[in-house]
1. Could you tell me how many of the residues in region 111-131 are surrounded by 15 or more Cβ atoms within 10 Å (Cβ to Cβ) and either under 30 Å from residue 91 (Cβ atoms) or among the aliphatic types (A, V, I, L, M) (or both)?
2. Please enumerate the residues belonging to region 29-69 that are in contact with a Lys or Arg (Cβ under 7 Å, 6 or more places away or on another chain) and more than 30 Å from residue 143 (Cα to Cα).
3. Go through region 37-143 and tell me which helices (runs of 4 or more DSSP H), entirely inside it, have 1 or more residues that are touching a His at 6+ places or on another chain (Cβ under 7 Å), farther than 30 Å from residue 160 by Cα and assigned by TED's automatic domain parsing to the domain that holds residue 154.
4. If you go through region 14-26, how many residues are among the β-branched types (Val, Ile, Thr) and surrounded by fewer than 11 Cβ atoms within 10 Å (Cβ to Cβ)?
5. Filter region 63-110 down to residues that are surrounded by fewer than 16 Cβ atoms within 10 Å (Cβ to Cβ) and among the β-branched types (Val, Ile, Thr) and give me whichever is nearest to residue 21 (Cα to Cα).
Amino acid sequence: MPEPAAPSVLWRVATRATLAANIVAAVMFAAVFLIFCLKIGMRYIAHNELAWPDEVSIILFIWIIFWANALILSDRDHIRFDLLVLAMPPAGRRIMALLRALLIGGIFAAATPPSIGYIRFLWREHTPVLGLPLSWVYACFGLFMIAVPLRAAWSLVRLCGRHWRTEL
């Protein structure tokens with residue numbers, strides 16, 4: 001997203017929120033690395049097998065994936081099959097982008113309430129080692145399910161605006 005000439009309050013808030021999301025993701029990656037080092041050290045140096053590092057690492061990887069997809073990665077960062085789209089003139093690309101945003105946003109918007117309902121239901125189940133409620137473990141998926149239709153709606157707004165070419 002190009003920076004406006006005079007940054008608005010909204011622009012500064014969005015920039016800081018993106019930086020904070022990146023820092024959280026980096027901290028989660030660092031925690032996975034440190035937990036992995038602890039696990040290896042305890043296994044081979046202290047001859048003590050720990051079970052909790054495996055569970056925490058898996059939970060952190062789940063959070064990293066959905067956190068990054070919800071708050072950090074842009075649509076351009078994802079793998080897409082766009083040979084047909086790239087062969088079209090800009091107006092055709094705009095139409096395809098509008099249809100894509102409507103389709104993806106609509107599907108995710110329709111799937112969000114039942115997905116969040118299921119995540120809320122998971123409070124009954126717990127992780128095997130630490131006993132954490134699975135609703136906490138998969139709360140990041142709810143964040144992802146909310147973020148996708150919001151980003152699709154924002155894409156629709158930008159595609160309908162004057163500077164729609166920057167959204168392609």
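The values are calculated or read from the model by the stated rules, or taken from the named source; none is laboratory data. Just so we're clear, the structure is a prediction, and the values are computed from it rather than from any experiment. A quick note on method: Cβ atoms are made from the backbone with ideal geometry, for glycine too, and the neighbour counts reach across all protein chains shown.
1. 3
2. Within region 29-69, 49, 50 qualify.
3. Qualifying helices (runs of 4 or more DSSP H): 134-137.
4. Within region 14-26, residues that are among the β-branched types (Val, Ile, Thr) and surrounded by fewer than 11 Cβ atoms within 10 Å (Cβ to Cβ) number 1.
5. That would be 72.
For (1) under 26 Å from residue 36 (Cα atoms); (2) touching a Leu at 6+ places or on another chain (Cβ under 6 Å); (3) among the small types (Gly, Ala, Ser), each residue gets a yes or a no:
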{"residue": "63", "(1), (2), (3)": "yes, no, no"}
{"residue": "84", "(1), (2), (3)": "no, no, no"}
{"residue": "93", "(1), (2), (3)": "no, yes, no"}
{"residue": "106", "(1), (2), (3)": "no, no, yes"}
{"residue": "111", "(1), (2), (3)": "no, no, yes"}
{"residue": "114", "(1), (2), (3)": "no, no, no"}
{"residue": "156", "(1), (2), (3)": "no, no, no"}
{"residue": "165", "(1), (2), (3)": "no, no, no"}
